[in-house]
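See below for the structure under consideration.
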Amino acid sequence: MSICDQTWDALSFSLAADGTQPEAALTGEKGARHMPLLQVVVVLIVVGILLWLVDRFIPMAGSIKSILNAVVVIAVVLWLLNIFGLMQSLSNIHIGKP
């Protein structure tokens, strides 16, 4: 195994595509995917830059900008919760009558 492969493995964390346990994803069992931590950081940086560009250079009312910012932040937080496997535990919570 080369140094690049070891570094890549160190920067990766596991995503369970089908609800399997993270340990199963790490062992390479069926249905598990790996998403590099570096890729998550790059996506967060790109989203931040795009949001800044929209805020800075597209003229719109301040209330619309704040709503747009809130929607993007909520979407990114939900995406991160899903990536780290915390959304599966939230799927068991129901509001109202089932």
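Laboratory data are not the source of any read-out in this text; all were calculated from the coordinates shown. Because the structure is a prediction, the values reported are computed rather than measured. No Cβ is skipped: glycine too gets one built from the backbone with ideal geometry, and neighbour counts run over all protein chains shown.
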Are there chymotrypsin sites (Phe, Trp or Tyr not before Pro) in segment 35-98 that DSSP marks as loop and that have at most 13 other Cβ atoms within 10 Å, and which are they? F84
Among I64, I83, what is the fewest-to-most ranking by other Cβ atoms within 10 Å? I64, I83
For V76 and L37, calculate 0.36 nm times their separation in residues minus their Cα-Cα distance, and state this gained length in nm to one decimal. 12.5 nm
